[in-house]
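What follows is a set of notes on a single structure, which appears directly below.
No lab work stands behind these numbers, since they all come straight from the coordinates. Just so it is clear, the structure is predicted and the values come from calculations on it, not from any experiment. Here the Cβ is made from the backbone with ideal geometry for all residues, glycine too, and neighbour counts use every protein chain on show.
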Amino acid sequence: MSGWYYADRNREQHGPVTAEELGTHYRYGRIALDSLVWREGLPQWLPLRDFADELGLHPAPENVAAPPPVPPAVTPTRPAAPRPAPAPPASKQGMSGGKIALIVAAVMVVPCLGIGGILAAIALPAYQDYTLRTKVTQAVTDNFELRGEVKAFLDSEGRCPSNGEGAFGTPESYASTYVTRATIGAFDDGTCGFELEFGNTGNTNIDGRKLWWDLGSDHTEWHCSSEVDDKWLPLDCRG
């Protein structure tokens with residue numbers, strides 16, 4: 001079957017990738033059900049959701065939807081101030097209807113401004129965590145194909161590759177938007193894989209930190225670990 005092509009959140013085209021890789025991009029949050037995909041035989045680009053059953057995609061809890069923008073201070077709709085009754089004859093002038101309306105508006109609006117500030121204080125950190133998690137996920141996904149290349153070399157040569165060997169480039173050649181380098185080779189425990197170094201995320205708790213992919217002692221299954229806090233990592237890399 002022909003490979004799949006997809007458009008990421010920035011409308012940039014990628015591919016071809018296998019159906020399995022397309023599903024992995026979805027689980028990592030690189031693409032969503034409304035992302036456009038195409039393969040040979042389709043008349044045009046279509047939303048990924050049209051192929052969800054075919055690809056076995058199901059919405060996962062980790063695909064956290066973006067929170068709404070920070071809500072502004074809410075000004076409730078207040079009823080129109082009642083028309084004041086005709087003032088009875090008196091020697092002392094009473095308060096005008098306009099002043100009463102202003103007082104009512106102030107009493108109703110001021111507490112709501114405080115509520116709006118509380119909601120903003122809660123929503124802003126959550127949105128910042130979501131943005132950082134998206135950047136880390138993109139960094140991992142951008143280098144996803146490197147896993148297949150390392151595994152193929154290991155299977156064919158019987159040993160772990162390293163940067164500058166065969167088709168593998170220098171560590172800096174694998175730099176992407178949020179990755180500064182990827183170092184390929186055997187780890188101290190004898191496992192084979194590669195190390196990603198994060199950068200340009202704007203967060204000092206992430207920039208300069210490492211994430212590792214290794215094939216384990218049996219060289220059959222990829223394992224992920226990282227120095228970065230779990231709350232910013234894809235599900236496969238937590239713990």
Check your understanding: For the stretch 123-236, what is the convex hull (Cα atoms) projected area averaged across all directions, in square nanometres?
Key -> 7.0 nm²
Review point. For residue 209, which sequence-distant residues (separation of 5 or more, or a different chain) have an amide H within less than 5 Å of its own amide H, given hydrogens modelled in the peptide plane?
Key: 198
Check your understanding: Based on the alpha-carbon gyration tensor of the stretch 4-55, what equivalent-ellipsoid semi-axes (square roots of 5 times the eigenvalues) come out, in whole Å, largest first?
Key -> 14, 12, 11
Exercise for review: Report the Stokes-Einstein translational diffusion coefficient (µm² s⁻¹, integer) for the stretch 121-162, Rh taken as the Kirkwood radius over Cα pairs, at 10 °C with viscosity 1.306 mPa s.
Suggested key: 125 µm²/s
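Name the GluC sites (Glu not before Pro) in the stretch 1-55 that are in a loop by DSSP and that have at most 13 other C-beta atoms within 10 Å, would you? Before the final figure, lay out each step's value.
Details: sites: 12, 20, 21, 40, 54; in loops: 12, 40.
Listed in order of number, the matching sites are 12, 40.
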